[in-house]
Amino acid sequence: MLQNNNTGQVLYWQMAGGQVAQMVSLGAATAGWTAVGAGDFNGDGTTDVLFQQSKTGLMLDWMVAKGSAANSLPVTIGTGTTGNQIAPPGAVQTSNIIGAAGSGWTFAGTGDFTGNGTSDILFVNTSGLVTEWIMRNGTYDHGTNVGDLVTGQSVVGIGDFNGDGTDDILLANAAGKVTDWQMLNGALSKAIAVGTLPTGFAVASVGDYNGDGTADILLRNAAGAVEYWGMHAGSITKTVTLGSATSDWQVVR
């Protein structure tokens, strides 16, 4: 999925067999709103688009119907700290404040690190310590330290790269070396070297682009060229060139 920085237009590349089949426009977001993610927020089996207003922190969901925003409903979810959340089948219910990460901690992503079907929350400290908040029934259950980043490393993605049903943590360092922290029952099981990024490329996103049930790694360079590493059992099986997007388009993780 891409959003134009100038016009606010949102479109997605519809994939088939690991290749781009067509580009579909969903519409244009009002100025000040940025697409920050995607997910099935109303349980209808279709991926929706999540926006955040930079000025207020307000979250908004475009509930997409059959790949089009033509009949979609914009639903206000709430502010970044309190408000409402989407609950199946699209009803809005009051949410609870989960907690505060504290000074020195940065949100790094979400994923199911325990394999219980609930997304957990990942944070990174300025010291390099990586911690997860284990969630249960929409509330904080407990926190667990995962490990320490080596100098120059950063979290660049989260996904199930080895197909075991638990999300892993993808790291990259300044030299372009990519490492997969494979997770099991909420703990770091082992660190696997994935590969080295091509010159000029960075990890842009993570997703299952070829429909094999394993998360793949999307790459993009400064010229806008987009390709992905097809993953299987934690290793790269192939590199697929998808196309290019000009600099006024950003990849929405």
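General observations
- In order along region 150-162, phi translates into HN-Hα couplings of 6, 3, x, 7, 8, 7, 10, x, 9, x, 8, 8, 10 Hz, rounded to whole numbers, per the Karplus curve 6.51 cos²θ - 1.76 cosθ + 1.60 with θ = phi - 60° and x for Gly and Pro.
- Euclidean distance between Cα centres, region 207-253 to region 169-188, Å: 17
- The alpha carbon gyration tensor of region 150-250 gives principal lengths a ≥ b ≥ c with a/c of 1.5 or higher and a/b no greater than b/c, which makes the shape oblate.
- Residue-count net charge about Thr144 - beta-carbon cut-off 12 Å; Lys, Arg +1, Asp, Glu -1: -3
- Whole-number accessible area per residue in Å² for region 101-218, which is evaluated in the context of all protein chains at 1.4 Å: 44
- Segments 234-241, 119-126 sorted - mean Cβ within 10 Å per residue, highest first: 119-126, 234-241
- The aspartates and glutamates whose alpha-carbon is closer than 15 Å to the alpha-carbon of Lys238, local same-chain residues fewer than 8 away aside, are Asp208, Asp212, Asp216, Glu227.
- Sulfur and carbon atoms: percent of accessible area, region 114-225 [1.4 Å]: 49
The values are calculated or read from the model by the stated rules, or taken from the named source; none is laboratory data. Remember, predicted model here, so these are calculated numbers, not experimental data. Backbone-built Cβ (ideal geometry, glycine too); neighbour counts: all protein chains shown. Please note that ligands, DNA and RNA were not included when accessible areas were found on the heavy atoms of the full protein model with its side chains. Shrake-Rupley method; radii C 1.70, N 1.55, O 1.52, S 1.80 Å.
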